[in-house]
Each structure stands twice: as structure tokens, then as C-alpha cells.
Amino acid sequence: MSTLVIENRIWDQAETMPREELRALQIERLRECVARVADVPFYKQAFQRGKISPEAIKSLDDLRRLPFTTKADLRQHHPLGFLAVPREQVARFHGSTGTTGKPTFVAYTADDVSLWADLCARFLVAGGLRPEHTVHIAFGYGLFTGGFGLHYGVEKVGAAVVPAASGNTPRHIMLLQELGAQVLVCTPTYALNIAEVARAEGMDPGELPLKFAHFGAEPWTEKLREQIERELDLIAFNNYGLSEVIGPGVSGECAARNGMHIQEDHFIVECINPETLEPVAEGEEGELVFTSLTKQAMPMIRYRTRDIAFLDHSPCPCGRTGVRMSRVAGRTDDMLIIRGVNVFPSQIEQALLRVEGTAPHYLIEVDRPGTLDEVTVHVEIRPEDFSDRMSEMHALRDRIDREIQSVTGIRMNIELVEPQTLERSAGKARRVLDHRREKDMK
Ligand code: ADP
Ligand code: ZN
């Protein structure tokens, strides 16, 4: 495990603004934001219905009078119905990955792009980035916001970028060795993939020059962080964002790594019960909702992310005042309801990582052959633990079975598969195959 000590450096003093001042700034910016979207048809109608005008926003409580915006609303106004500036002011289009259906487009003005770079610089610096570093970016560059957002952030800090992009893992390893990047940017599962391919090439992945990593774009667990840190001998930071809100840069961890500070001078966060739409109590899990206060091209009012996490307002030793969000447990659309019980793929990951002898490569297959849901978890065995002895494999399967039951409360079928048989993703990992959904769609 890396023994590096991370210094607490702050990119922008706005990150430490006293909360009173922050609240006053948020109200002022919310008013401006309401004025900016007043001609966007979706908001125009909603504001007319709710008798809302910028002047009507007097306190942050007035936020609750504003409408929610959902992915379905974006799809209904596809492709550019939410544009809030004349088309000629748009400097960039991006799109969501489309993990949960048809991608939606988002737009940026030149100022939006510059803000985005700053917000990414903040969490990169919080997580160890220095101007003298070289950063290897293994996110896709394209409509996906991950590659470009992190790229601009690194440039803003003044460090060197290797825009390696996604795919072709042996080439990543060669570039890491030859250019000596100290910082890795990708999805956590892709980092595992890099470590695995390095080992297959006869290298110790810990020998790569990497010191820090910034991971995001998909849910991952604390156990997975420990494993990646051990294998690649680095310190890994979590950062979060989504294209509808700005892309990466919505929140990120500081040196304390006890939650991701939300950049509240630019985003208002709410955490709600996805069923009642009422705010949950502090520390309770709920769906995160963001209002992008300063975006120009396509501001979002109360955007429902479908991401489940909790908020922590307790002070952080780093001095940043932005509220911290927990790891994302999962998305409401990834949540499986198995025989009436809610299960997130991240719970399966948590159970698997408690069992020595399994790689965190897994696929959850759900079906309903009769009237009852059935779940099969395909779990890859690490090459060194793969055995021809039936008894050993049975014992391993029983351990997995017990751990999954203790974490989820549900009995699942466990199928052990040989090393390297589950598909590897260069971006967001696909964890669930739900045949019930396919049947429902027919
Ligand atoms: P899509 O919604 O199509 O995947 P995006 O590329 O905008 O499009 O991805 C944003 C989503 O990625 C978030 O809503 C969240 O579900 C997930 N995500 C991003 N960062 C993290 C993170 N650090 N931890 C967990 N999930 C994350
Ligand atoms: Zn902090």
C-alpha cells in the first residue's frame, strides 16, 4: 500500500467560503438561473403554473417551489429543447453515455467549458495533482464528458496530459511505462483491467510509476479502492458528475477521503425520497437532485439524478465547506427488486470482495422462469485460485453464497467461471443482465 502523505492544497478559496456566505451566493445565483431559463419552454410553462419569477426567490426554501427535471423530460424535448442561449453561443455538445437508454445531449457555452475546467481542477488538486505531474487519461474522448472534462482540468492546473483514451490495454501499459505518468484517470474497473493485463504480461502492476488515481463514472466500493490501491500501489480518489449537470466536477474527494465535497457555489444539492419526493433526514440515503446555478447553455433546475447517496454536513478537516456526498450506492434504475427486496450491484461487489479467491469481476443475471425471481451471480475466479479440485471450488462457492446472503438477505445461485471469461469494459462496467426487463418489453 502506498505510504504517500497527501498534502491539503486548495485550488480556489471559494471552496472554503463560510456557509452563510455560500447560502447568500446560492440565492443570488438561483435567482439569476431562474431568469436565464425563463424562455426554455419546459420551465416557462412550469413557472407560469407555479407563478414563479426570479423576484419570487427570496430564500433557499423557495427552491422547493420549482419543478423537478427528469431524464424523461429531457427525452421529451430531445434534442435541444432545453437550450437556454441562442444556438450561435454554443461552443460544445456532449451527450450522456446512454447507460440507461438513448443518450441525451447537453450543451456548453465557452464560459461553461471554462467553468468545467476549473471545477475539475479543484478536485484534481484536492487529490494530489501538481503542475509537475503527468496525467494519463484512459477515459473515452467523445460525446462522453469524462475524457474532455478531466483533460481540461489537468491543463488548467498546468500538468502534462497523456490523452490515451479508452481501449487497447497493452498500449496503456506501454505508455505508462514510457511516459512515466504519476496520475491515472479512468473508471475503477478499467484500473483493475490495467493491473490484470500488466500481470498477464509478467509485470508487477505496482512497479508502474503511478502515485495517484482519480476514478469516477460508475459506482464502486471502499473494498475495491483498497484492492486497486494495493495492486497498483497508488492512492485513489473518487469524483462524481453527470453530463446533464456539467460532467465530472460536480463533486470530489479531498485528502481526508471521507466523502466527496459538492461544489456548492455552482450547484445546489438536495437529497430526496424518490417515492415521496420529500427531503430525507441528514445522513439518510436518498436520490440526489442538482440545480446548476451558473451554467449558461443548458442550466438544469432540480435535476433528478437517480443516483442514491447520503449527505454529510459535518465539518471536514481540509477546510472546504461544501457538503460531502457519500459514495453512490447505485442508480435507482440499476436497483434490482428481487422477490420484493431491493438490491444494488454494489452490494454484490461488497460481498465478493470479502471472499478471498474471487476477482471483482462479476455479472448478475436475473430471470423469472415461473412466478419467482431467480438470480445467478457469475463470479470469476482469480487464476491463482482456480483449482481442479471439486471440493475446493465447492467450498469457495459456499463462502460466496453465505456472504451474498448476509449482505443482501437473498439466496442467489452462484456460478464460478474461469479466469478471463467475463467481458471487460473500457468504460463503465455492465453488471446486470435482467431478462425480466427484456420480457416486459416484448
Ligand atoms: P449516463 O447517465 O448515460 O451513464 P453520464 O456519462 O453522464 O451518463 O454518467 C453519469 C452517471 O455516472 C451518474 O449519474 C452516476 O450514475 C455515474 N457516476 C459518475 N461518477 C460516479 C462515481 N464517482 N460513483 C458512482 N457513480 C458515478
Ligand atoms: Zn475535505
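The values are calculated or read from the model by the stated rules, or taken from the named source; none is laboratory data. Bear in mind that the values here come from a model prediction, so they are computed numbers and not experimental data. Note that each Cβ is placed from the backbone with ideal geometry, even for glycine, and that neighbours are counted across all protein chains shown.
Tabulated values for the structure
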{"quantity": "Cβ pairs under 8 Å, 6+ apart, first in the stretch 313-334 and farther than 24 Å from Leu25 by Cα, second among the basic types (Lys, Arg) and more than 9 Å from ligand 1 (Cβ to nearest atom)", "calculated": "Asp334/Arg431"}
{"quantity": "Test: residue in the stretch 328-342 that is within 16 Å of ligand 2 (Cβ to nearest atom) and modelled with pLDDT of 95 or more", "calculated": "no"}
{"quantity": "Number of the condition not met by Leu288 [criteria: (1) in contact with a strand residue (DSSP E or B) (Cβ under 9 Å, 6 or more places away or on another chain); (2) outside any strand (DSSP E or B); (3) not hydroxyl-bearing (Ser, Thr, Tyr)]", "calculated": "(2)"}
{"quantity": "Conditions (1) surrounded by fewer than 15 Cβ atoms within 10 Å (Cβ to Cβ); (2) of a type in the set (Lys, Arg); (3) under 23 Å from Arg225 (Cβ atoms); number of the one not met by Arg171", "calculated": "(3)"}
{"quantity": "Strands (runs of 3 or more DSSP E) lying entirely in the stretch 354-424 (those with 1 or more residues that are surrounded by 14 or more Cβ atoms within 10 Å (Cβ to Cβ), in contact with a Phe, Trp or Tyr (Cβ under 8 Å, 6 or more places away or on another chain) and at pLDDT 90 or above)", "calculated": "374-381"}
{"quantity": "Of all residues in the stretch 242-268 being touching a strand residue (DSSP E or B) at 6+ places or on another chain (Cβ under 6 Å) and farther than 30 Å from Glu229 by Cα, the one that is farthest from ligand 1 (Cβ to nearest atom)", "calculated": "Ile268"}
{"quantity": "The stretch 33-67: number of residues that are assigned to a helix (DSSP H, G or I) and of a type outside the set (Gly, Ala, Ser)", "calculated": "19"}
{"quantity": "Residue match in the stretch 130-138 (condition: in the same structural domain as Val245 (by TED's automatic domain parsing) and in contact with an Asp or Glu (Cβ under 7 Å, 6 or more places away or on another chain))", "calculated": "no"}
{"quantity": "Within the stretch 222-280, tally of residues that are more than 16 Å from ligand 2 (Cβ to nearest atom), in contact with a helix residue (DSSP H, G or I) (Cβ under 9 Å, 6 or more places away or on another chain) and in a loop (DSSP other than H, G, I, E, B)", "calculated": "6"}
{"quantity": "Residue ID - surrounded by the most Cβ atoms within 10 Å (Cβ to Cβ), chosen from residues in the stretch 195-221 that are of a type in the set (Asp, Glu) and in a loop (DSSP other than H, G, I, E, B)", "calculated": "Glu218"}
